[in-house]
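Participant: My questions will all concern the structure given below.
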Amino acid sequence: MINGPIGVFDSGYGGLTILRGIRKLLPQYDYIYLGDNARAPYGNRSFDIVYRFTLEAVKELFSRGCPLVILACNTASAKALRSIQQRDLPLMDPGRRVLGVIRPTVEVLGELSPGGHIGVFGTPGTIASGSYEMEIGKLYPHFVTTGQACPMWVPLVENRESAGPGADYFVKKYIGSLIEADPEIDTVVLGCTHYPLLIDKILQYMPSGIKVVEQGDIVARSLVDYLGRHPEMETRLTRGGGVQYLTTENPEKFNDLAALFMNSEVSAVKL
C-alpha cells in the first residue's frame, strides 16, 4: 500500500477555498494541490472534455503518491466523478479513493432548510448537469431545487473585480433571477468554489432570512467524518503538515492570484 499526501484538484483557483477549509480542520496531513489553470475554466466545457481533463489530473496525483484525491471543483464533481469512481478507479487502483464536493454539500441541506426550497448558484456546466437537483432529489425527494448559472462571477473574481461595481450588477442580477424563479427559496448553495470571494456582495443583496451555504467548511467536516469511518485510508496519509502547489500555467501568475484565495503566500511549480 502506498502512503502519501491528500490530493486536491481544481480546474483553477477556486478549489483553494476547499483546501483552506480542509487544512483548518486537518493541518497535520500533507497535501498536493493541482490547478489546471492552463485549460480553465471548465464551466462551459462538455462532459467528455471535463471527464478527460479530470481523469488526467487524478492519474497525475496518483503518480505522486496520493491515496486519496478530492475533486474540489463542482464542475469536475458534476461531470466526471461518477465515471471515475465507477469505471476507472477499479482498473487503476481499487485501494485508492476519489471524492467530490457536491454530495457532502447536499447532505447538510436537510438541517439547514426549513421549507425545502433550495437555490443553487453555479457555473453553466454545473447547472446544466443537473447534479445538484439529482443529489438533492435522492436524499430529500420533497425538496424543490432551482439552479442559476452565474457565468460572470468567476471572471469577476479572477480579474480582482469582486469589490467593484461590476460585481454589484451581476450579483444583483443573478440573485434576482433566482428569487424570481422561486420566491420561496430559503437556502442558497454557492455551488462554485470561487463564489466565497464574492460573499460580502452576495450577503448584501440576498433577501433577509435566506441562508447562504459555503462549501469549504462543509467539505472539511465531511472529510473528517470520512477518515474517521475509514481508518484503513487514514493510516495511509502522511503527516508532515506540508502543501505542494502544482499548476499547468505560469507559476508566478498562479502564486499571485492563489494568495488571494489562501490569505497567505503560495509558491507553485509548473507541471
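The values are calculated or read from the model by the stated rules, or taken from the named source; none is laboratory data. In this text, all values refer to a predicted model and were calculated from it rather than measured experimentally. Heads up, the Cβs are rebuilt from the backbone with ideal geometry, glycines too, and the neighbour counts pull from every protein chain shown. Side chains are part of the model used for accessible areas, which takes the heavy atoms of the whole protein and leaves out ligands, DNA and RNA. Shrake-Rupley method; radii C 1.70, N 1.55, O 1.52, S 1.80 Å.
Participant: Which stretch or stretches of region 134-154 have amide N atoms under 17 Å from the point lying 7 Å from I210's Cα along the Cα→Cβ direction?
Facilitator: 144-153, by backbone N distance to the label point.
Participant: If you project the alpha carbons of the chain onto their three principal axes, what span does each projection cover, largest first, in Å?
Facilitator: 52, 42, 34
Participant: Let me ask you something else. Would you rank M233, M134 by solvent-accessible area, highest first, keeping every protein chain in place and using a 1.4 Å probe?
Facilitator: Working: M233 5, M134 105 Å².
Final ranking, largest accessible area leading: M134, M233.
Participant: May I pose another question? How much of the accessible area of the chain, in percent, comes from carbon and sulfur atoms when a 1.4 Å probe is used? Can you show the working numbers first?
Facilitator: Details: 5970 of 11460 Å².
Carbon and sulfur atoms account for 52 percent of the accessible area of the chain.
Participant: Let me ask you something else. Between D93 and R221, what length in nm is gained on full extension when 0.36 nm per residue of separation is reduced by their alpha carbon distance? List each step's numbers first, then the result.
Facilitator: Values: separation 128, 0.36 × 128 = 46.08 nm, distance 2.57 nm.
Gain in length upon complete extension: 43.5 nm.
Participant: What is the distance in Å between the Cα centroid of region 88-137 and that of region 1-18?
Facilitator: With region 88-137 and region 1-18 each reduced to a Cα centre, they are spaced 17 Å.
Participant: To the nearest 0.05, what FRET efficiency results for N263 and S63 with a Förster distance of 35 Å applied to their C-beta separation? Intermediate values should be presented prior to the final figure.
Facilitator: Working: r = 30 Å, r/R0 = 0.86.
According to the calculation, E is roughly 0.70.
Participant: Farthest toward the dipole's positive end in the chain, which of L109, P231, S63, given Cβ charges of +1 (Lys, Arg) and -1 (Asp, Glu) about the Cα centre?
Facilitator: So the residue furthest toward the plus end is S63.
Participant: Same structure, new question: What whole-number distance in Å separates the alpha-carbon centres of region 31-87 and region 140-181?
Facilitator: Measuring centre to centre over Cα atoms gives 24 Å.
Participant: What does the C-alpha gyration tensor say about the overall shape of region 99-247? Classify as rounded when a/c is under 1.5, otherwise prolate if a/b is larger than b/c, or oblate.
Facilitator: Note, shape of region 99-247 comes out oblate.
Participant: For helix 165-181, what angle does its Cα long axis make with the longest principal axis of the chain, in degrees from 0 to 90 and rounded to 10?
Facilitator: Tilt of helix 165-181: around 70 degrees.
Participant: Can you tell me the accessible area per residue over the chain, all protein chains present, probe 1.4 angstrom, in square angstrom?
Facilitator: 42
Participant: Tell me the trypsin sites (Lys or Arg not before Pro) within region 194-268 that lie in a loop according to DSSP and have at most 14 other beta-carbon atoms within 10 Å. Could you put the intermediate results ahead of the total?
Facilitator: On the way: sites: K201, K211, R221, R229, R236, R239, K253; in loops: R236, R239.
Here the sparse-neighbourhood loop sites are R239.
Participant: If the cut-off is 20 Å between C-alpha atoms, which aspartates and glutamates fall inside it for K172, apart from same-chain ones fewer than 8 positions away?
Facilitator: Partners found: E158, E161, E180, D182, E184, D186, D200, E214.
Participant: Excluding I49 itself, what net charge comes from residues whose Cβ is under 15 Å from its Cβ, given Lys and Arg +1 and Asp and Glu -1?
Facilitator: Net charge in that neighbourhood comes out at +1.
Participant: Nearest 10 degrees, 0 to 90: what angle lies between the long axis of helix 47-63 and the longest principal axis of the chain (Cα atoms)?
Facilitator: For helix 47-63, the angle is close to 40 degrees.
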